[in-house]
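Enquirer: Before I ask anything, here is the structure I am working with.
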Amino acid sequence: MKASYRWLLDLVPGLSMAPAALTEHLALRGAPVEDTVSPGASLGDVVIGKVLEAGPHPNADRLSLCTVDGGAGSVQVVCGAPNVKAGAWYPFAPVGSVLPGDFKIKKAKIRGEVSEGMLCSAKELRLGADHAGIMELHGDFEPGEAFVTALGLDDVTFDVEITANRGDLLSHVGLARELASAGDGRVELPGLPSVEAGALEYLRDAEVAESGGVSVSIEDPDLCPRYLGAVIRGVKVGPSPEWLQRRLRGAGARPINNVVDATNYIMLELGQPLHAFDLGKLRGDRIVVRRARKDETAFVTLDDEERTITSDMLMICDAERPVAIAGVMGGLHSEVDDATTDVLLECAWFDPKSVRATRRALVMSTDASYRFERGVDPEGLEFALERCARLIVAIAGGEIAEPVLDCAAREHEPAVVPLRLARIEHVLGVPFTAARVRELLDPLGFLLVGEDEEILRWRIPGFRALDVTREIDLIEEVARTHGYDAFPAELGPYRPGTVPDHPLFELEERLRGALVARGLFETQTPAFVPAGEGDVEVSNPLATTEPFMRSALLPSLLRRVSYNLARGNRDVRFFELGTSFRKAGPGEPPVEETHLAVALTGRRRPVHWSYEAEPLDVFDLKGLVQEAARQAYGPDAVVSVDDEGGAPYDPLSGFVVRHGDGRVLGRSGRVRDDAVDVPAWAGDIWGFELTLPAEPDPVPVRTHVPLPQFPAVERDLAVLVPHAVPAGDVLEAARAAAGSHLEEASMFDIYEGEGVPEGKRSIAFRFRFRDPARTLTDEQVDEAVEAVLKTLKETFDVQFRG
């Protein structure tokens, strides 16, 4: 949002902030200023020049020879514009001046005559679009007076960053509300010259509004709940007065003509986009708001570009054809030009989602669409229309042909939100009185409509209708206007909430903690993916190359791995917790599941001189899979070697996680070389993806267990195990057979080689036994060890080695 410093000062009586202080104030209110520029920054060399004489060039029919007083004496200037006349004032760039675009003015001989300077057009000064004639100035000036000062171009233009939910700040009035507390607490619109006061008469009709041969109707009230049209007859299109041009330039806009400038002025002032049609170019003197028909596929916009329109786009049409893309841009064939005498002024409210979809489909953005996408004030349409119509009459002449045509298919109903003082204190930690809350919210446009028992009822203004809908939103407004920096730095007493988090959220936090502790970084990739990575198609995708919702997270993670490897990062460890989507039955919404995906490659540990750098291998992957499965499903998850495999893994390279009932919950393995684009020097890439339960079992409440008072007894057992028997199965069977005194069992060694029969391997287990009430005897431990060996012999044909 481009905003003029002088304009803001005029809107807030008593405001005397310097530009730097104003910038800081807006930043504290949540609207930081990204940049500040001056519209006259590159025009410091230009002065006011008075043409003393103007006559034809002796050697050229289309040139004129002028004598110009630029404050340092009269000089001769050759000019190519037809509108130069003696006695008039113009911008003058003397020899040595530098104009925008680094254009230097030099003494030159043109068709045999010396020219010492240049009389400038608005386009050459980058102050407008008119290049046909020199920019004539009206007022009392002195030759040589600084052009920037004389025309008020010593303004400051702020480039304000506006969040998507604050469409009300896309206007000078919206920004002025945020500054009102630094003035006298109110915003006051400046009067317009020669504008008569008084409300206009309206012809209100829900279907067709018709008067004076002009009609307005709405065929799609869902996308356009209200449309106003004012007819102004007898206008004379020409340049805008200097004060209006100065306002527009201060806000970073270029003047075009008085009618268009009036609509831009109101849009910048109030945030309501308006559009002026040449009524003489509207066939049938009719406006119909409807979607494009199937045979209407091409439309030429004001920028002389042909756009491809579709039947889901809302159009403004006359009796025969579209004349504007609703909320985006008008059409070339209905624009206001120098021959226009009658104007139809449009002021409407369009559905933000529809405007955004149309704008994205057409790959274009305009000042109007930017505001309509974020929502304009449904309660301010009449005021904006009347102010614009009267401004057009004041600067372009003509007469408003009442009544104004008003099609209101659906009236706006303002919301009333209760605000509890106790709730404010509970959330912000600081008590607020009703008087203080009023002092903070009144300048923002909120209206107090009721108060009882420490509850204030606020009517939400139309310009905040899409943003403020709940009590917590009002509390945010209180905090923001009170000033976040004004709250005490000390943490006051508080009472923690008694409502526990959802078990799935708790599970996600446990998984994050476990994976981060292992050196992994969390990522967040978009849910939109190319064809082949999902079966749920998006009707209005953000990009044509990603029209589907993802059915798995791992492919997106692998793209990030490839991105890092391509930039020389050899050690990559990523995980993501996100939602996957897959098709359900006909007419049903897609099935959404929370997944955990991991992708890693590179070295197990950072490089150090004290040890060799070892690459990550299948056992690192297995540790992660087992940890994630245990956290998510506890003993119900079974991790085993994946005999089946599947994309994108190499066969027999990883593990499968199954539920106790046989359901496959996730797979892992080494990612195939053709599944990811990586450099030749890259090592193996390991990945896995696990579906998390929708309703995990809550974590048991932790209870205090005293430290053991009696010693533990440890026994190491080495057994010969056939290759076909997984070590994990042996360990689980041993744990089950060891009895109630077993405290811990783990595997600490695997050996194959001399002394071990072929087809077998020696696995060493360590068992720790303890009784919390007494010291165990050797007989008790021996009995448990014998039970383990017997079970392993009977179950797996395991032989005791030592």
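The values are calculated or read from the model by the stated rules, or taken from the named source; none is laboratory data. Predicted model, so just to flag it, every value in this text is computed and none were measured. Cβ: placed from backbone, ideal geometry, glycine included. Neighbour counts: every protein chain shown. Protein only, heavy atoms only, side chains kept; ligands, DNA and RNA dropped before computing areas. Shrake-Rupley method; radii C 1.70, N 1.55, O 1.52, S 1.80 Å.
Enquirer: Considering the Cα positions of region 441-564, please state its Rg to one decimal place and its Dmax as a whole number of Å.
Expert: That works out to 22.8, 62 Å for Rg and Dmax.
Enquirer: Separate question: Compute the helix-to-body angle for 471-482: its Cα long axis versus the longest principal axis of the chain, expressed 0 to 90° and rounded to tens.
Expert: Tilt of helix 471-482: around 60 degrees.
Enquirer: Roughly how many whole Å is it from the C-alpha centroid of region 653-709 to that of region 433-477?
Expert: So the two Cα centres are separated by 49 Å.
Enquirer: Report the percentage of all Cα-Cα pairs in region 1-127 whose separation exceeds 27 Å, rounded to a whole percent.
Expert: 39 percent
Enquirer: Based on the alpha-carbon gyration tensor of region 392-452 and its eigenvalue square roots a ≥ b ≥ c, which shape applies: rounded if a/c is under 1.5, prolate if not and a/b is larger than b/c, or oblate?
Expert: Because a/c hits 1.5 or more and a/b exceeds b/c, region 392-452 counts as prolate.
Enquirer: Continuing with this model, one more query. In what order, largest first, do TYR633, TYR265 sit by accessible area if the probe radius is 1.4 Å?
Expert: TYR633, TYR265
Enquirer: If you add up the charges near GLY117, with Lys and Arg at +1 and Asp and Glu at -1, over every other residue whose beta carbon is less than 14 angstrom from its beta carbon, what do you get?
Expert: Around GLY117, the charge tally is 0.
Enquirer: Follow-up. Ordered by packing density, taken as the mean number of other Cβ atoms within 10 Å over each peptide's residues, highest first, how do 363-369, 250-256 rank?
Expert: 250-256, 363-369
Enquirer: Could you work out the relative contact order of the chain, using alpha carbon pairs under 8 angstrom and six or more residues apart, expressed as a whole percent?
Expert: Here the relative contact order equals 8 percent.
Enquirer: Compute the signed sum of charges (Lys and Arg +1, Asp and Glu -1) over the other residues within less than 10 Å, Cβ to Cβ, of GLN799.
Expert: For residues surrounding GLN799, the net value is +2.
Enquirer: Helix-only mean residue ellipticity at 222 nm, the chain, DSSP H runs n ≥ 4 weighted -39,500 (n - 2.57), per residue, nearest 500. What is it?
Expert: It comes out at -7000 deg cm²/dmol, rounded to the nearest 500.
Enquirer: When you have a sec, figure out the Kirkwood radius of region 435-491 from all distinct Cα pair distances and drop it here in Å to one decimal?
Expert: 12.3 Å
Enquirer: Next question. Over all Cα pairs of the chain, how is the pair count split among 10 Å bins, expressed in % and running from 0 up to the last occupied bin?
Expert: 2, 10, 14, 16, 16, 13, 10, 8, 5, 3, 2, 1, 0
Enquirer: Next question, about the same structure. Tell me the angle of helix 554-566 to the major Cα principal axis of the chain, expressed in degrees between 0 and 90 and rounded to the nearest ten.
Expert: The angle comes out at about 80 degrees.
Enquirer: Gap in Å between the Cα centre of region 13-76 and the Cα centre of region 558-574?
Expert: Each part reduced to its Cα centre gives a spacing of 52 Å.
Enquirer: Still on this model: Whole number please: convex hull volume per residue, Cα atoms of region 725-765, in Å³.
Expert: Each residue corresponds to 75 Å³ of Cα convex hull volume.
Enquirer: Let me ask you something else. Taking K and R as +1 and D and E as -1, what net charge do the other residues with C-beta under 13 Å from the C-beta of GLU522 add up to?
Expert: +1
Enquirer: Projected onto the charge dipole of the chain (+1 at Lys/Arg Cβ, -1 at Asp/Glu Cβ, origin at the Cα centre), which of THR795, GLY128, THR544 gives the Cα projection farthest towards the positive end?
Expert: Of the listed residues, the answer is GLY128.
Enquirer: If you restrict to DSSP beta bridges whose two residues both lie in the chain, what percentage is antiparallel, to the nearest 5?
Expert: In the chain, approximately 95 percent of DSSP beta bridges are antiparallel ones.
Enquirer: Taking only Cα atoms, what is the 0 to 90° angle, nearest 10, from helix 352-361's long axis to the longest principal axis of the chain?
Expert: Helix 352-361 sits at roughly 90 degrees to that axis.
Enquirer: If you don't mind, another one. Projected onto the charge dipole of region 208-312 (+1 at Lys/Arg Cβ, -1 at Asp/Glu Cβ, origin at the Cα centre), which of GLY238, ALA251, GLY212 gives the Cα projection farthest towards the positive end?
Expert: Checked the options; the winner is GLY238.
Enquirer: Quote the charge dipole size of the chain about the Cα centre in Debye, to the nearest 20; the model charges only the Cβ of Lys and Arg (+1) and of Asp and Glu (-1).
Expert: 1240 debye
Enquirer: Could you work out the equivalent-ellipsoid semi-axes for region 92-171, taking the square root of 5 times each eigenvalue of the Cα gyration tensor, largest first, in whole Å?
Expert: Rounded to whole Å, the semi-axes are 34, 16, 12.
Enquirer: Stick to the Cα atoms of region 68-109, pair each with every other, and give me the Kirkwood hydrodynamic radius in Å at one decimal.
Expert: Result for region 68-109, one decimal place: 11.8 Å.
Enquirer: What is the magnitude of the charge dipole of region 432-530 about its Cα centre, with +1 placed on the Cβ of each Lys and Arg, -1 on the Cβ of each Asp and Glu, and no other charges, expressed in debye to the nearest 20?
Expert: I would put it at about 260 debye.
Enquirer: Need the full-extension length gain, ARG663 to THR341, defined as separation in residues times 0.36 nm minus the C-alpha distance. One decimal, nm.
Expert: 108.4 nm
Enquirer: Residues with amide H under 5 Å of LEU63's amide H, sequence separation 5 or more or different chain, H placed in the peptide plane at 1.01 Å from N; which?
Expert: Hits under the 5 Å cutoff: HIS57.
Enquirer: Rg to Rh for region 642-796: what is it, with Cα atoms only and Rh by Kirkwood?
Expert: 1.07
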